[in-house]
């Protein structure tokens, strides 16, 4: 076999994970555009599309042995758009901006909360990049930015679907965004699921779980996603409280720093 086809093949393999990262970036950008146009259900759904694509690019790179420093840096920048800027702009366009109609001061605080969500996502990614090799990969420290984005996106998606636009809904968006941002930069532990070996053999009947999961999600996607990501977000504080009750140390030095 000649060296030219092999070289072309290798270039194509290296291109694949970065194409997936670009697709995730596009989904995040589309979410912002949809929010600006007032299509909040599409804006929320696009963030989940970005989440799926983001979970694939790293796995494809490892599977094809095409991981690179460029790909890691590009992935972080894509994550900042899809899981930092996009959720902040979506929630601001949907509800936070309208807090001004009720109270000017609360409107300004809401604008600040949306900005702080983007800041905490950036801090989360920066901490991950600087401390990626120093923690136990079984755990995340702080809520991963895709999960935080999932909570905010699902809340806006569901609220838009149900036509919630009163003060209660706006206050809910304010609180959800603030709490999700705070959890990203917290020291709460979150299970990473990285110990699960998806490549091992499983009983054939377990394959029924896959369509079952999709069936449950299809019942009401925004509600199911909100329950799923909301429960995961709460698992960190609950685990911390459980450890405190048992008198276990609160040190996170052996925990993983990020799941982005």
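The values are calculated or read from the model by the stated rules, or taken from the named source; none is laboratory data. Just so we're clear, the structure is a prediction, and the values are computed from it rather than from any experiment. Note: ideal-geometry Cβ built from the backbone for every residue, glycine included; neighbour counts use all protein chains shown.
One table, with the values for the structure above:
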| read-out | value |
| --- | --- |
| Out of 148, 171, sole residue that is surrounded by 23 or more Cβ atoms within 10 Å (Cβ to Cβ) and either in contact (Cβ under 8 Å) with a residue 12 or more places away in the chain or more than 18 Å from residue 35 (Cα to Cα) (or both) | 148 |
| One residue from 61, 114 being modelled with pLDDT under 90 and either touching a helix residue (DSSP H, G or I) at 6+ places or on another chain (Cβ under 9 Å) or not in a helix (DSSP H, G or I) (or both) | 61 |
| Number of the exception - residue 54 against (1) surrounded by fewer than 22 Cβ atoms within 10 Å (Cβ to Cβ); (2) part of a helix (DSSP H, G or I) | (1) |
| Residues of the stretch 31-46 satisfying the condition of being crowded, with 20+ Cβ neighbours inside 10 Å, free of Cβ contacts under 8 Å to residues at least 60 places away in the same chain and farther than 11 Å from residue 91 by Cα | 34, 46 |
| Residues (exposed (fewer than 11 other Cβ atoms within 10 Å of the Cβ), under 15 Å from residue 48 (Cβ atoms) and modelled with pLDDT of 85 or more) located in the stretch 205-260 | 218 |
| The listed residue being at pLDDT 80 or above, out of contact with any helix residue (DSSP H, G or I) (no Cβ under 8 Å at 6 or more places or on another chain) and under 30 Å from residue 93 (Cα atoms), out of 170, 143, 158, 162 | 162 |
